[in-house]
1. From the helices alone, meaning DSSP H stretches of at least four residues, give me the mean residue ellipticity at 222 nm for the chain, per-run term -39500 (n - 2.57), in deg cm²/dmol to the nearest 500.
2. Within a 10 angstrom radius of the beta carbon, how do 10, 35 rank from fewest other beta carbons to most?
3. Figure the gain on full extension for residue 58 and residue 28 (residue separation times 0.36 nm, minus the Cα-Cα span) and round it to one decimal in nm.
4. With contacts defined as alpha carbon pairs under 8 Å and 6 or more residues apart, what's the relative contact order of the chain in percent?
């Protein structure tokens, strides 16, 4: 699926099953919550914490939740994520084309 197809799929799902989008502020809060859930899995999988009894490594699902809510916000605010990502990639390429190659720490 392309980003456009993902955005369209989210929109169709919301209109079919979700009744309506939550408000933008609510979705921003949900996005923050989902990022926190991914952070919890990362801390347990790659950090010093261990999984609690009953917790599972559901990193892929947490990432998909983040993408879902991000698409909701993009749809609500009129952002085409494909266009935004392409512009962001151009910006990073122009700005950082030599930066990381010249970073002695890397």
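Nothing in this text is a laboratory measurement; each read-out follows from the coordinates by a stated rule. Note that the structure is predicted; figures quoted are calculated from it, not measured. Ideal geometry is used to build each Cβ from the backbone, glycine not excepted, and the neighbour counts take in all protein chains shown.
1. On the way: 4 runs with 72 residues, N = 106.
Per the formula, -23000 deg cm²/dmol.
2. So the ranking, lowest neighbour count to highest, is 35, 10.
3. Full-extension gain reported as 8.6 nm.
4. Taking the mean separation of contacting Cα pairs over the length of the chain, I get 35 percent.
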